[in-house]
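Everything below concerns the one structure shown next.
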Number of protein chains: 2
Amino acid sequence: MATGRHHRPATSRSRGIPEATVARLPLYLRALMALSERSVPTVSSEELASAAGVNSAKLRKDFSYLGSYGTRGVGYDVEYLVYQISRELGLTQDWPVVIVGIGNLGAALANYGGFASRGFRVAALIDADPALTGKPVAGIPVQHTDELETIISENGVSIGVIATPAGAAQQVCDRLVAAGITSILNFAPTVLSVPEGVDVRKVDLSIELQILAFHEQRKAGEELPGAEEEVDPAPHPVSPPAATVTKRETKRDGRDSNRDSGRGTGRDAKRPDSGPDGDLPAVMPA
Amino acid sequence: MATGRHHRPATSRSRGIPEATVARLPLYLRALMALSERSVPTVSSEELASAAGVNSAKLRKDFSYLGSYGTRGVGYDVEYLVYQISRELGLTQDWPVVIVGIGNLGAALANYGGFASRGFRVAALIDADPALTGKPVAGIPVQHTDELETIISENGVSIGVIATPAGAAQQVCDRLVAAGITSILNFAPTVLSVPEGVDVRKVDLSIELQILAFHEQRKAGEELPGAEEEVDPAPHPVSPPAATVTKRETKRDGRDSNRDSGRGTGRDAKRPDSGPDGDLPAVMPA
DNA sequence: TAGATTGTTAATCGATTAACAATC
DNA sequence: TAGATTGTTAATCGATTAACAATC
């Protein structure tokens, strides 16, 4: 999930489109563009909702914030709606973006076709590694971090993508903001702190997997009714002020190993080679 | 933003942790692991909330769903909380994952350190291109799509990552599900249809940028009070059943070009080389 | 006109947050 | 004990959705 912090309330002043609606407009747009390619002239809220994977009442409600672009008894004109949503999202103008951090992910982003096709133009690729400078990635020569401020001001860039390691992200962020960037898409696994007026959205690959793991675990436990119901019976294990010296013991005390009771038997395709109690990772990802 | 569809209500039966809370647990975990690395013994809800970028009341409420793991007047024991959250998320066990589609993005994912460090293990890389078969990526030889079913059953994989082009995603998804996968992380820009009981989470790079663009556009318009307030004065432009032949006209009629009035003047760093009315993209991203 | 489908209402649900009693 | 901080309550807010009148 992406976390967005905005400097205005969820329902913005002008015409007041709820944040949840804004987040769905790109989904509708994609579905509409697919219909447009197939030259489908009109679409009903039911059909479009199904294509976008949402409830049709929600879709109609969402569209009602944009205006009355449908026709009762008929549906929505595909081309007209594509245009109205594009306009609402600001995609009818050109948005130069810079990508900072041209590792595997940065290169993947540079090559991602979805950017160019929706009004986003990769204005520059920036990396701190001098060995990369000048090397073309997706046909664009990588520029050195030293040039960051110049690139941003000369190209009028207002959107920056951070694909650096976590350790460099805040520093890069600060420079981007100082150079005039007001929207940041952050792929580094860190919380960025930004001044008022700067939007940050976060894409975190590891977090998505962790959420899936949570549900996956629940599915496995579900086949043994009541197995997950057991509430940890012991109170807090240690008196926290003394916890520093007993950290490892706290984590590995007897009660904790109880948790595995009755799990993992229902679906034996899981956990092929893990021990009964997997070790916790000690390091943060890069 | 990622869209998750689950086969149970947002508040699940056993111990009932709200979906919004589950989505934040990885954030807390990351912040806690950073504290753990610095050997910080305890942390208050205020400190931790600040590190995770959330409200402290929300954090305490979130933790209350897990149990009473804090100490009044003191705070939370870092190690103990790391362990409890890890356990809740299912990260104390090993989760083998397969990545399907080893293009730029797939390779980036294979190399992403955040997977391995949190109980996720890349069990296999799969691609349909025979030229890639056997070629190592992130030290793991790519296997051919033909082997998909075998790989999944032999490794007991329950989580699949789809990083293929949009056109191949549903087909890959169907095969993954048929082979026993019950959780899918989808990077392809398509809505996947899956049977009941299969979770899909979606990461969409282009959508995140579009949401940023929306806010960016609003920021620009804001500097001219009232400029964005103007409501489209014209009713629906065409009688939709006849729209097929007039599609382009609909999109380009006089009223639509009005929308640009008064925009872009406040912040002239924007739109360095776009025309007054950028063309809409006609194609879907790969 | 009859059928279809939008746009909107209102009820419901879930999430957020300030406030504070409990308690270490 | 006094100070600090949790865990929980309750109010508020935003999002979802069924239902249906409006209307093409």
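Overview of results
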| quantity | calculated |
| --- | --- |
| Meets criteria (in contact with a strand residue (DSSP E or B) (Cβ under 8 Å, 6 or more places away or on another chain) and of a type in the set (D, E)) for A:D127 | yes |
| Residue within region B:126-145 that is in contact (Cβ under 8 Å) with a residue 60 or more places away in the chain and buried (at least 23 other Cβ atoms within 10 Å of the Cβ) present | no |
| Candidates B:G70, B:G53, filtered to the one that is near DNA strand D (Cβ under 9 Å from one of its atoms), in contact (Cβ under 8 Å) with a residue 12 or more places away in the chain, surrounded by fewer than 23 Cβ atoms within 10 Å (Cβ to Cβ) and more than 20 Å from A:A213 (Cβ to Cβ) | B:G70 |
| Count of region A:167-186 residues which are facing another protein chain (nearest Cβ under 9 Å) and either buried (at least 17 other Cβ atoms within 10 Å of the Cβ) or assigned to a helix (DSSP H, G or I) (or both) | 4 |
| Criterion violated by A:L59 - all others in (1) within 16 Å of DNA strand D (Cβ to nearest atom); (2) open to solvent by 30 Å² or more (accessible area, probe 1.4 Å); (3) of a type in the set (A, V, I, L, M) satisfied | (2) |
| Filtered residue count, region B:38-49, keeping only those that are more than 9 Å from DNA strand D (Cβ to nearest atom) and more than 7 Å from chain A (Cβ to nearest Cβ) | 3 |
| Among residues of region B:50-76, those that are among the hydrophobic types (A, V, I, L, M, F, W, C), within 12 Å of another protein chain (Cβ to nearest Cβ), near DNA strand C (Cβ under 8 Å from one of its atoms) and more than 23 Å from A:D199 (Cβ to Cβ), counted | 1 |
| Odd one out for A:S193, checked against (1) of a type in the set (S, T, N, Q); (2) open to solvent by 30 Å² or more (accessible area, probe 1.4 Å); (3) over 24 Å from the mean Cα position of the chain (by Cα) | (3) |
| Single unsatisfied condition, B:S86 versus (1) farther than 30 Å from B:G197 by Cβ; (2) polar (S, T, N, Q); (3) open to solvent by less than 50 Å² (accessible area, probe 1.4 Å); (4) in contact with a Pro (Cβ under 9 Å, 6 or more places away or on another chain) | (1) |
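Yes/no matrix, rows are residues, columns are (1) hydroxyl-bearing (S, T, Y); (2) within 30 Å of A:P130 (Cβ to Cβ); (3) touching a Cys at 6+ places or on another chain (Cβ under 7 Å):
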residue	(1), (2), (3)
A:Y69	yes, no, no
A:Y76	yes, no, no
A:V82	no, no, no
A:T92	yes, no, no
A:V98	no, yes, no
A:N104	no, yes, no
A:A108	no, yes, no
A:G113	no, yes, no
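The values are calculated or read from the model by the stated rules, or taken from the named source; none is laboratory data. Here the structure is a predicted model, which means the values were calculated and not measured. Cβ coordinates were reconstructed from backbone atoms using ideal geometry, including for glycine residues, and neighbour counts include every protein chain displayed. The area values use the complete protein model at the heavy-atom level, side chains included, leaving out ligands, DNA and RNA. Shrake-Rupley method; radii C 1.70, N 1.55, O 1.52, S 1.80 Å.
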